[in-house]
Amino acid sequence: MKVDFDKTVAELEELTKRLEDPNLDLNEGIELFNKGVILSKKCLEVLEDGKGKISILTDEINNVSKPFEEE
């Protein structure tokens with residue numbers, strides 16, 4: 001399942017606002033915090049995947065752009 005990064009970050013922001021409510025019930029707070037942890041992990045996975053792709057592309061660019069060296 002593909003994660004919509006922007007949507008997930010927006011959900012995290014909404015959870016944060018709800019967690020900042022001083023009248024929040026403890027059980028609901030724990031539930032929201034748990035959901036936030038899950039969403040954070042999904043975001044980190046997307047970022048790590050992107051980091052890996054950028055690394056591969058950078059390596060490809062570096063290999064192509066190396067000057068030709070005669071042996």
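The values are calculated or read from the model by the stated rules, or taken from the named source; none is laboratory data. Quick caveat, the model's predicted, so the values are computed rather than measured. Backbone-built Cβ (ideal geometry, glycine too); neighbour counts: all protein chains shown.
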Quiz prompt | Some residue of region 52-68 being at pLDDT 85 or above and either part of a loop (DSSP other than H, G, I, E, B) or among the aliphatic types (A, V, I, L, M) (or both) | solution = yes
Practice problem: Would you be able to say whether some residue in region 1-12 is β-branched (Val, Ile, Thr), under 11 Å from the mean Cα position of the chain (by Cα) and not in a helix (DSSP H, G or I)? | Solution: yes
Practice problem: Note down all Cβ pairs under 7 Å where the first residue falls in region 30-42 and is touching a residue at least 60 places away in the same chain (Cβ under 8 Å) and more than 17 Å from residue 2 (Cβ to Cβ), the second is among the aromatic types (Phe, Trp, Tyr) and loosely packed, with under 11 Cβ neighbours inside 10 Å, and they're at least six residues apart or on different chains. | Solution: none
Quiz item: How many of the residues in region 18-29 are part of a helix (DSSP H, G or I) and either in contact (Cβ under 8 Å) with a residue 40 or more places away in the chain or surrounded by 11 or more Cβ atoms within 10 Å (Cβ to Cβ) (or both)?
Solution: 4
